[in-house]
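Shown next, in structure tokens, is the structure this report addresses.
The values are calculated or read from the model by the stated rules, or taken from the named source; none is laboratory data. Since the structure is predicted, the reported quantities are computational estimates derived from the model, not experimental observations. Virtual Cβ from ideal backbone geometry, glycine too; neighbours counted across all protein chains shown. Note: accessible area is taken over every heavy atom of the protein model, side chains too, but ligands, DNA and RNA are not part of it. Shrake-Rupley method; radii C 1.70, N 1.55, O 1.52, S 1.80 Å.
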Amino acid sequence: MSNETNTTSTKQQNPKKANLLDHNSLKHILDESATEVVKNRGYVEDVRMSNVRLLMGTFIIAIALVAQFYPKKFPENKDFLIGCITLYIVFNGLLQLIIYKKEKNAIMFTYPPSGSYNATGLVISSKLPRFSDMYTLTIESADPKSISAHKPVELTKSVTKWFTKDGVLVEGLFWKDVEGLVDDYNKEPKKKK
């Protein structure tokens, strides 16, 4: 109980404020709050995909640096530069493919909560189209082919339901909606007789 009180008092002391005319600012605050709710529900963030992206990005930068500072001058290092440019293009293409295929609109990947019989984590994704006030939050299984995967659930609401006219996020309302979505995802599917 005291933990909830501390969390509530912290939220009241440091309200999250966004520029209501900046759709990226709104989405960022909502995404950040959604990940807080999911973590608060016992899910631990899975950062393996972020680590892979960082590793590939570091390798791409290393290729560019080696090509830039290779000791020989241009006509002599022509074949080496062609190899570096080719590697740069290939690895950049792989990185973009991973982002496009695996991450899509994902804002968070999780492991299953400890002590859970659910063998998959979650993928939390969101959308806030440009020139729209409709924010969509989706929760689905990190491994949709798993036997323990649940059906994806989705919440679509106007951001005006969660922000005051001054741009302050009413966290209690948003948390309640996200917690309800997590609960909907975790419900056992009804078995047919």
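Annotations for the structure displayed:
- You can think of it this way: the chain between residue 70 and residue 44 has 5.0 nm of extra reach, that is 0.36 nm per residue less the Cα-Cα gap.
- Residue-span extension gain [residue 78 to residue 36] - 0.36 nm each, minus C-alpha spacing: 10.0 nm
- Solvent exposure of the chain, expressed per residue, is 69 Å² of accessible area, with all protein chains present and a 1.4 angstrom probe.
- With 0.36 nm allotted per residue and the present C-alpha distance subtracted, the residue 130-residue 149 stretch has 3.7 nm of extension available.
- Modelled spin labels at residue 54 and residue 157, positioned 7 Å past Cα toward Cβ, are 3.3 nm from each other.
- Eigen-decomposition of the gyration tensor built on the alpha-carbon atoms of the range 45-130 gives equivalent ellipsoid semi-axes of 39, 14, 9 angstrom, largest listed first.
- In this entry, the range 43-89 is assigned a mean projected area of 3.6 nm², taken as a quarter of its C-alpha convex hull surface.
- Unsatisfied cross-links (Cα-Cα over 32 Å) in the set 101/165; 102/187; 16/102: 101/165
- Label point distance in nm, residue 168-residue 184, each placed 7 Å from Cα along Cα→Cβ: 2.8
- For the chain, with all protein chains in place and a probe radius of 1.4 Å, 58% of the accessible heavy-atom surface sits on carbon or sulfur.
- The alpha carbon centroids of the range 53-75 and the range 129-158 are separated by 39 Å.
- Here is the size of the range 76-193 from its Cα atoms: Rg then Dmax, 20.6, 76 Å.
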